[in-house]
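Below: the structure, in structure tokens.
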Amino acid sequence: MSEKFEAIVVGAGPAGSACSYTLAKAGVQTLLVERGKFPGAKNMWGGVLYGPILNQFFPGFWQEAPVERYIAYHKFSLLALDSSLSTEFFTQKFSQPPYHGFSLLRSKFDRWLAGKAAQAGAIVASGLKVDDLLWEKKKVTGIKAGGDEIPAEVVIACDGVNSLLAEKAGLRKKFSPRDLKQAVKEVIQLQPQLIEQRFNLKSEEGLAWEFIGSFTQGVPGGAFIYTNKASLSVGVVVQLSGLAEKKIRADDLLEKFKNHPQVKPLLADGNLAEYSAHLIPAAGPSKLRSLYSDGFLVAGDAASLVLTTGLILEGANLALASGVAAAQTVIKAKEKGDFSSQTLSLYSRLLKESSVLKDLQTFKKAYHFLENPRLYQTYPELACELAAKILSHEDQPRKRAWKLAKEAAKGRVSWWQVIKDLKNLKESL
């Protein structure tokens, strides 16, 4: 392949396909390179896309995109060994167009989104692994892939958390295990009527259910269940360094979660359809030296654009937004005929003006707060024990909730530690 492109986008995930679509629609000669056999073949996420970003350039996309269910309900549970304490949120607003979020399966959704980029005029090359960048002095001038050198005015790296290109361009520092989360997920096939019966849903309604508790054995992290049309996405996301320190496998924690008394009946009679594992950047863009250089931009997970607050874990919507911002930057660079870092610095400004970098800045302290092991074992156990004491009916005079809380906490956590944790929670959220 000797043709020179104006832009080469590496990685056909949400960031890469959104970038390629926006570029091609503006008349930029674009090559979208994907190492998998097809877009989505190697990609993994929990399974929910939130926010309005996709609807901004595909109005009413849910009418044609392969979405599973719209997210009408959010539920959060604390799990102890054999008990749980849950809270649920519902608003009619989330059940009305343009909807609040959708459960998705990447193998279907990524294929659709890359197809939209192809329809707009981008060339999509699947099964092509990028080995290196082309350079002219300090400027990136293309890629090396499949034994060919493919020149371009600009390269946009959307190649995920293990971005080889961001490292080769000198924009990203090495990750430590503390900077990464390990996600493992199963897609479990289940009859739609059973899903709706067990989760109290109507035909198109979906539920996003998050869990923290004793099943992670003190390793920072949690679990999720997302309802699809005829399956459940079930997984755990835990800190990589915590797994190494405790010599635990994420797969074992997933099994522990699936066998919890509250969870096991929900999965009964289901059949395993898919297993996947994935690393998630948890430290935010602090590991990046820059988002751009001469002839080069980095977006999505490759730029560590993942928002982690403890209550939410969002990456797909940030990937889409960053892909669009990267494309807008390249379009301006083409107009000027200048792809230098000075011109491409517009990308950073666009992300700062959007919610992407603002949200990451707002919640930058959450990353360290979420390393507190008491969040994953002590507090869920205390909450469940206190609820059991308050709700138990025994032939004895009842005690005030405050006294029961003091009794439950004794020997487990000091009030000074509780106050300190609450203070850190306030600063993080």
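The values are calculated or read from the model by the stated rules, or taken from the named source; none is laboratory data. Fair warning: this is a prediction, and the values are worked out from it, not measured in the lab. Cβ placement follows ideal geometry from the backbone for every residue including glycine, while neighbour counts extend to all protein chains displayed.
The residue list 247, 229, 287 contains one member that is within 30 Å of residue 7 (Cβ to Cβ), surrounded by fewer than 23 Cβ atoms within 10 Å (Cβ to Cβ) and of a type in the set (D, E, K, R), which is 287.
Only one of the listed residues (72, 41) is over 30 Å from residue 213 (Cα atoms) and either outside the structural domain of residue 324 (by TED's automatic domain parsing) or not aromatic (Phe, Trp, Tyr) (or both). That residue is 41. Residues in segment 283-331 that are assigned to a helix (DSSP H, G or I), farther than 16 Å from residue 152 by Cα and more than 21 Å from the chain's Cα centre (by Cα): 328 only.
Flag: residue 294 matches the condition of being surrounded by fewer than 24 Cβ atoms within 10 Å (Cβ to Cβ) and touching a strand residue (DSSP E or B) at 6+ places or on another chain (Cβ under 6 Å).
The condition of being within 19 Å of residue 47 (Cβ to Cβ) and not assigned by TED's automatic domain parsing to the domain that holds residue 161 holds for only one of 266, 243, that being 266. Among the residues of segment 165-196, the ones that are out of contact with any strand residue (DSSP E or B) (no Cβ under 9 Å at 6 or more places or on another chain), of a type in the set (D, E, K, R) and either crowded, with 19+ Cβ neighbours inside 10 Å or in a loop (DSSP other than H, G, I, E, B) (or both) come to 1 in all.
What number of residues within segment 400-410 satisfy the criterion of being of a type outside the set (Gly, Ala, Ser), surrounded by fewer than 16 Cβ atoms within 10 Å (Cβ to Cβ) and not in a loop (DSSP other than H, G, I, E, B)? Full working, then the answer.
Of the residues in segment 400-410, the ones of a type outside the set (Gly, Ala, Ser) are 400, 402-404, 406-407, 410.
With surrounded by fewer than 16 Cβ atoms within 10 Å (Cβ to Cβ) added as a condition, the list becomes 400, 402-403, 406-407, 410.
This time we only want the ones that are not in a loop (DSSP other than H, G, I, E, B), so: 402-403, 406-407.
Going through segment 400-410 one residue at a time, the tally reaches 4.
Of 29, 56, all but one fail to be touching a Phe, Trp or Tyr at 6+ places or on another chain (Cβ under 7 Å) and farther than 28 Å from residue 231 by Cβ; the exception is 29. The set of residues in segment 276-303 being out of contact with any Gly (no Cβ under 8 Å at 6 or more places or on another chain) and more than 25 Å from residue 317 (Cβ to Cβ) consists of 294, 295.
Taking residues in segment 225-239 that are under 19 Å from residue 250 (Cα atoms) and assigned by TED's automatic domain parsing to the domain that holds residue 308, and partners anywhere that are modelled with pLDDT of 95 or more and surrounded by 24 or more Cβ atoms within 10 Å (Cβ to Cβ), not one pair has Cβ atoms closer than 8 Å while being at least 6 places apart or on different chains. The conditions of being out of contact with any Ser or Thr (no Cβ under 7 Å at 6 or more places or on another chain), assigned to a helix (DSSP H, G or I), farther than 22 Å from residue 11 by Cα and not basic (Lys, Arg) are met by residue 94.
The rows are residues; the columns are (1) buried (at least 16 other Cβ atoms within 10 Å of the Cβ); (2) touching a strand residue (DSSP E or B) at 6+ places or on another chain (Cβ under 8 Å); (3) over 24 Å from residue 282 (Cβ atoms); (4) modelled with pLDDT under 80.
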| residue | (1), (2), (3), (4) |
| --- | --- |
| 349 | no, no, yes, no |
| 367 | yes, yes, no, yes |
| 380 | yes, yes, no, no |
| 398 | no, no, yes, yes |
| 412 | no, no, yes, no |
| 420 | no, no, no, no |
| 429 | no, no, no, yes |
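Listed residues 78, 23; which is assigned to a helix (DSSP H, G or I), at pLDDT 95 or above, in contact with a helix residue (DSSP H, G or I) (Cβ under 7 Å, 6 or more places away or on another chain) and within 26 Å of residue 101 (Cα to Cα)? Matching residue, one of 78, 23: 23. Here the condition is being assigned to a loop (DSSP other than H, G, I, E, B) and under 30 Å from residue 158 (Cα atoms); of 394, 371, 335, it holds for 371 alone.
Return yes when residue 17 is surrounded by 16 or more Cβ atoms within 10 Å (Cβ to Cβ), touching an Asp or Glu at 6+ places or on another chain (Cβ under 8 Å), among the polar types (S, T, N, Q) and not in a strand (DSSP E or B) and no when it is not. Considered against the rule, which asks whether it is surrounded by 16 or more Cβ atoms within 10 Å (Cβ to Cβ), touching an Asp or Glu at 6+ places or on another chain (Cβ under 8 Å), among the polar types (S, T, N, Q) and not in a strand (DSSP E or B), residue 17 comes out as yes. Filtered by the rule that a residue be of a type in the set (S, T, N, Q) and under 18 Å from residue 176 (Cα atoms), segment 276-301 gives a lone residue, 286.
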